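Please read the structure below before turning to the comments.
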Amino acid sequence: MSHAAPGRRPPDRKFRHAFAAPERVGAGYGGAVTTVTESAPAWLARQTTIRTAAGASLFPARLVEPPEALRPWVTDIGITTHTPGATASVAHVPDAAVRLVLRTLPDGGSDVLAIGPRTRASYHTGKRLPLCLDLRIKPGAARSLLGTSARELVGHAVPLAELPGPETARLARQLLLIGGELSQGEVITAVAELLPSAFTPRDSAELSRELLVRSAIDALSTRPGRPRPASVAVVAHRLSVSERQLRNLFTDSVGLSPKHFARIDRARQLLAVAARRDGEAQVPWAGLAQDTGYYDQSHMAAEFRTLFGVAPTAFVSGHLPAGTPCRSRRPGA
């Protein structure tokens with residue numbers, strides 16, 4: 001099939017309704033939200049802390065800024081390596097992002113997956129990957145690459161070639177050709193050369209929706225120095241849209257409702273704050289609950305257990321649920 005032909009590739013049945021046009025809103029918004037600026041190094045350090053917070057996780061991951069060519073679409077790149085033959089237990093924390101993951105496999109092959117938002121933590125054993133690149137896609141940009149909304153990907157890991165984006169099959173083939181002998185930097189450079197052309201151009205209305213959603217994300221996020229983000233009603237008012245419009249646009253772009261996103265983001269911030277107190281004889285959980293916007297410690301513990309399956313104290317000390325083998329869905333599986 002030639003990808004030079006105009007029009008979209010017919011979507012798989014599972015993703016067919018994702019082509020419905022999202023609710024249209026005006027190109028401009030009269031309101032604004034107050035933002036809390038966080039430098040790129042501080043962002044990367046905090047996100048790395050969150051990803052590696054489980055005490056028993058042997059998950060040697062680090063985050064780097066994407067090359068300039070990827071920055072319109074990619075927030076950061078996670079790099080994970082494992083010593084050949086070693087077995088690592090992995091705790092994947094809840095994450096509202098859509099990610100594109102390129103993995104080299106122990107047998108010398110590779111695969112490329114689109115991974116949707118993760119609403120609950122998952123625990124795995126037996127992961128032996130020479131290299132895993134994890135590109136976090138900016139909110140609202142997933143549809144222009146994958147041909148489907150983030151909402152359709154929640155809880156799924158799907159081979160890139162199975163998705164209905166007009167360039168996904170071509171991009172998957174090209175990414176799979178990247179040599180396993182390349183260094184990490186060379187692999188990132190190769191991805192940066194291939195990926196930008198796979199994003200379909202966005203019109204002014206789509207860019208305006210992205211701007212609105214990203215403003216809402218910032219306003220709904222728990223940040224250092226801002227433990228209590230704005231409510232959905234306040235954010236909608238400041239952005240000059242109705243609450244219904246905000247929920248629909250947010251869910252289409254992020255995959256989760258604004259309130260669900262805020263719960264996950266707050267728990268992630270709790271992990272970042274708790275990790276900074278790791279050297280203390282006893283983590284002051286009651287104070288951390290207040291610092292991250294929970295009503296009290298019992299509220300914090302209940303929400304955390306819902307998202308992670310264990311109490312905060314168990315998670316950071318490494319007392320995790322039993323892991324399961326990490327499997328990816330293959331074409332035709």
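Sorting the segments 139-147, 297-305, 211-219 by their mean number of nearby beta carbons within 10 angstrom, highest to lowest, gives 139-147, 211-219, 297-305. Site pair Leu182 and Ser240 shows an inter-label distance of 4.4 nm when each label is modelled 7 Å from Cα along Cα→Cβ. Size of the range 88-224 from its Cα atoms: along the principal axes, largest to smallest, the extents are 44, 33, 27 Å.
Spin-label pair Thr306-Arg173: with each label point 7 Å from Cα along the Cα-Cβ axis, the two points sit 4.6 nm from one another. Nonpolar atom fraction for the range 149-244, defined as the carbon and sulfur part of the 1.4 Å probe accessible area, stands at 55 percent.
For the peptides 64-77, 193-206, the ranking by packing is 64-77, 193-206, with the highest mean count of neighbouring Cβ atoms within 10 Å listed first.
How long is the gain from Asp296 to Ala42 if the chain were fully straight, where each residue apart is worth 0.36 nm and the alpha carbon distance is subtracted?
Working: separation 254, 0.36 × 254 = 91.44 nm, distance 2.71 nm.
Contour length minus Cα-Cα distance gives 88.7 nm.
Once Rg and the Kirkwood radius are both taken over the C-alpha atoms of the range 196-304, their ratio Rg/Rh works out to 1.08.
The values are calculated or read from the model by the stated rules, or taken from the named source; none is laboratory data. Since this is a predicted model, take the numbers as computed values, not measurements. Ideal geometry is used to build each Cβ from the backbone, glycine not excepted, and the neighbour counts take in all protein chains shown. Each accessible area value is taken on the protein alone, full model and side chains, heavy atoms only, with ligands, DNA and RNA left out. Shrake-Rupley method; radii C 1.70, N 1.55, O 1.52, S 1.80 Å.
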